[in-house]
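What follows is one structure encoded as structure tokens, with my remarks underneath.
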2 protein chains.
Amino acid sequence: MGSSAGAVVDGRAPPVDKGVDYAQYFCTYAFLYHQKDMLSDRVRMDAYFNAIFQNKHHFSGKTVLDVGTGSGILAIWSAQAGARKVYAVEATKVAEHARNLVKANNLQHLVEVIEGSIEDITLPEKVDVIISEWMGYFLLRESMFDSVICARDRWLKPTGVMYPSHARMWIAPIWTGLLDQKLGQYHLAMDDWHNFAEETNSYYGVDMSVLTKPFAEEQRKYYLQTSMWSDLKPNQVIGTAAVIKEIDCLTATVADIKEVGSKFSSSISTENTKLCGFGGWFDVHFRGRVEDPAGQEIELTTAPSVDHGTHWGQQAFLLHPALHVSKGDHLSISFFMDRSKENHRLMEVEVECDIQQYSGKPLKTLKNKYYIE
Amino acid sequence: MGSSAGAVVDGRAPPVDKGVDYAQYFCTYAFLYHQKDMLSDRVRMDAYFNAIFQNKHHFSGKTVLDVGTGSGILAIWSAQAGARKVYAVEATKVAEHARNLVKANNLQHLVEVIEGSIEDITLPEKVDVIISEWMGYFLLRESMFDSVICARDRWLKPTGVMYPSHARMWIAPIWTGLLDQKLGQYHLAMDDWHNFAEETNSYYGVDMSVLTKPFAEEQRKYYLQTSMWSDLKPNQVIGTAAVIKEIDCLTATVADIKEVGSKFSSSISTENTKLCGFGGWFDVHFRGRVEDPAGQEIELTTAPSVDHGTHWGQQAFLLHPALHVSKGDHLSISFFMDRSKENHRLMEVEVECDIQQYSGKPLKTLKNKYYIE
């Protein structure tokens, strides 16, 4: 049937059906409700606000392109910080709201809202700054950075600056109560299935047992293999965190970010605990560029935090069953993330993990597949 | 942007983008979890089971087409009831599960599962029976009957029988606690917005007030104008119910079902109550055809019921504010339903209602728009 999947030819991504992509992805962003959720994220807002207003020299008298402006907030701040001209590009109908917001804030002479996808639109000039809030869950979900790369390659001056300028992905071993919760839900769903199959047989004379295995696989994928949004606290991180990817927004290509592979190790730092899985998060930095650095370097981090949670939270990749570990135990981890073939904005992850006790005794080798949906 | 909307030319529906339609609609049915939900609906299952097995003369030695077979249950029952050959057509990947289920029940020599959309596939012969469970919320949501019509016009013998053979849509005035709940949620959302707008102004120097009205419209649509799934009990129906549409499945055309318009009246049958809105539901009947009637006529109703709720429930169209009414008050109602221009599987509804007290005194005229999403 007409799914959006296509064959990968010559190692290039299949062409994306724009209508399908809209139905699956952009449509969410057309709602002010969703825009408000993002605008209410204080950590997100503060980081961009400070990055702009503490680095006015990057904006004053300059031209700016905001990729995926949404309600228009970053474009408005850029203008308020002194930009000569801001192009605010938005693919959804929210563009109209952005235009009204710009006008209501008396910036219509500086900010031009353009409704269209960045791949299709044309600007009358190249720009000094590209600003964008393109980060999805675990940084790369949504694959929106592709559009930022496209914008950069087409519209950024050779001397231009990216906001943010750098991004990193992190992984750490975690403890989480989600594990028992999800396992419980999985078992409930299976109990329910078995009752259903028995009843269908006795009432309606149809033997459903051949579907038990695929149903279990479907439920396992949903409850156990799909990474979970989490609001982890620092004490749930039970070992050293590792950077698995660094992106220089000025130079990264789509090929650089399509797949993420990393081998790294982590030491358990908590006595007598359970390894329930891995937490994944990201941070981005606003550093300007080497020849034209930020006066004040700003960080936006989505790491586990007591007080500064974000709407991104962290992604939890759960292990079933959890494993008893203790301080000094050593994890050798191989992490690989690729885009889903069915939907290039979703991700598939493989994690291999060798666990050695502090004594050097091998404990276990784990291999798991996950879906970031 | 590439939404699925298209202009209506010459009164005909715009062509449907199959990829978009899959992303928006069919994808749900690809999950066994969803199939199980439908298979666990006892009212639904009993009706089809009884319709088939109490009318074996329609199946014995006959050819059958099951449109949208899902897990394959109706095709399997048709074969068990003696069909010579059953074609079971399914547009999603569930077709593979159906094929396995057929085999596990030793019917692979009788039931042929065909993965494809009914509009695209070809059968080697015309059939005696078309069976399908095509009913969406309030009967016509999902617009799946279009595919049944297509199947009938292409593949049913002139003497063939439709299962079900008839369908009706019902409307009645109702009382429901959902009204206060939804109104409360709407007010909470708006309070939240006002706080948000104030904070955004004071912390970040952006005046959001121009977006208050469109945000309120969006929330109003979501909480107050979108019809709600409900499990109404008979005592929540506070006036006479009316049939607003009758469909003869053997003769109805897409033009007949694309729009539903009806003028009807209802008398309040409960003393001192509140008119909170209107409930909509449907029933279907399995009567065979005039020249070849069912021996035992079966009804599947989704009307408000104490004990026999269905997964379809009823759709509640809420009135804000509710209106005090009493026994003998008279409602003159004009109901009009059309397909959404953005998605032909969703509906838009307009209800006009003149309310007269028992004494003849006009009480109020209401006019509301609703979305079935």
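The values are calculated or read from the model by the stated rules, or taken from the named source; none is laboratory data. Keep in mind that this is a model prediction, so the values were computed, not measured. Neighbour counts run over all protein chains shown; Cβ positions are idealised from the backbone, glycine included. Ligands, DNA and RNA are stripped out before the accessible areas are found, and what is left, the full protein with its side chains, is counted by its heavy atoms. Shrake-Rupley method; radii C 1.70, N 1.55, O 1.52, S 1.80 Å.
For chain B, modelled as a GNM whose springs connect Cα atoms under 10 angstrom apart, the maximal fluctuation among B:T159, B:T200, B:T270 occurs at B:T200.
In percent, what relative contact order does chain B have, based on Cα pairs under 8 Å that are 6 or more apart in sequence? Across chain B, relative contact order equals 17 percent. A:K233 to A:D41: FRET efficiency via 1/(1 + (r/R0)^6), r the Cβ-Cβ distance, R0 22 Å, to the nearest 0.05? Step by step, r from the Cβ atoms, then E = 0.80.
Only the Cβ atoms of Lys and Arg (+1) and of Asp and Glu (-1) were treated as charged; on that basis the dipole of chain B about its Cα centre amounts to roughly 780 debye. Here the label points at B:T240 and B:N50, each 7 Å from Cα along the C-beta direction, are separated by 2.7 nm in the simple model. Residue by residue along B:213-220, Cβ atoms of other protein chains within 10 Å of the local Cβ number 3 on average. Peptides B:78-87, A:358-367 ranked from most to least packed, by the mean per-residue count of other Cβ atoms within 10 Å: B:78-87, A:358-367. Above 19 Å, the calculated P(r) of region A:304-373 contains 51 percent of its Cα-Cα pairs. Pairs of Cα atoms nearer than 8 Å and 6+ residues apart set the relative contact order; for region A:18-133 it is 27 percent.
Label points for B:H308 are taken 7 Å from Cα along Cα→Cβ. From this copy to the others they lie 6.2 nm apart, shortest first. Note on chain B: GNM, Cα springs under 10 Å; of B:M190, B:M208, B:M144, the largest mean-square fluctuation is that of B:M208.
Give me the percent of accessible area attributable to carbon and sulfur for chain A, probe 1.4 angstrom. Answer for chain A is 50 percent, counting heavy atoms of protein chains only. The Cα trace of region A:128-275 gives Rg and Dmax of 22.6, 74 Å, the first to one decimal, the second as a whole number. For the rotational copies B and A, the chain B residue with its Cβ nearest the relating axis, together with that separation in Å, is B:A23, 2. Averaging 1/r across all pairs of distinct Cα atoms in region A:18-133 and inverting the result yields a Kirkwood radius of 14.3 Å. Of the beta bridges in region A:18-133, as assigned by DSSP with both residues counted there, near 0 percent are antiparallel. Region B:188-250 and region B:104-150 have Cα centres spaced 36 Å apart.
The charge dipole of region A:18-133, taken about its Cα centre with unit charges on the Cβ atoms of Lys, Arg (+1), Asp and Glu (-1) only, comes to about 380 debye.
Taking θ = phi - 60°, what integer Hz values does the Karplus form 6.51 cos²θ - 1.76 cosθ + 1.60 yield along region B:176-192, in sequence order, with x for Gly and Pro? My calculation for region B:176-192 gives 8, x, 4, 4, 5, 4, 5, 5, x, 5, 4, 5, 4, 4, 6, 4, 4 Hz in order. Placing unit charges on the Cβ atoms only, positive for Lys and Arg and negative for Asp and Glu, gives the protein assembly as shown a dipole magnitude near 40 debye about its Cα centre. Selection among A:I76, A:I372, A:A241 by position relative to the dipole of chain A gives A:I76 as farthest towards the positive end (Cβ unit charges, Cα centre). Between B:M190 and A:S334, the modelled labels are 5.9 nm apart [label points 7 Å from Cα along Cα→Cβ].
A probe of 1.4 angstrom, applied to the heavy atoms of all protein chains, finds B:D37 with accessible area near 70 square angstrom. Please report how far the C-alpha centroid of region B:42-57 lies from that of region A:288-325, rounded to the nearest whole angstrom. Cα centroid of region B:42-57 versus Cα centroid of region A:288-325: 57 Å apart. The other copies place their A:R220 label points at 5.1 nm from this one, listed shortest first, where each point is 7 Å from Cα along Cα→Cβ. For B:A322, the shell of other residues with beta-carbons less than 10 Å away shows a net charge of 0, using +1 for Lys and Arg and -1 for Asp and Glu.
I'd like to know which of A:A23, A:T122, A:Y87 lies farthest towards the positive end of the charge dipole of region A:18-133, counting +1 on Cβ of Lys and Arg and -1 on Cβ of Asp and Glu. It is A:Y87. At the residue level, A:Y33 shows approximately 110 square angstrom of accessible surface with a 1.4 angstrom probe and all protein chains present. If the segment from B:D120 to B:R289 were pulled out straight at 0.36 nm per residue, it would be longer than the present Cα-Cα gap by 58.1 nm. Residues considered: A:V16, A:V161, A:V349. Largest GNM mean-square fluctuation over chain A, using C-alpha springs under 10 Å, is found at A:V16. Pairing chain B with chain A buries about 4400 Å² of accessible area. This figure sums both sides and uses a 1.4 Å probe.
Each residue was assigned an accessible area with a 1.4 Å probe, and for A:R339 the value is about 30 Å².
The percentage of C-alpha pairs in the protein assembly as shown whose separation is greater than 47 Å is 31%. Taken along its principal axes, the alpha carbon cloud of chain A reaches lengths of 71, 57, 42 Å, longest axis first.
A 1.4 Å probe run over the protein chains yields, for the protein assembly as shown, 43 Å² of accessible area per residue, whole-number rounding.
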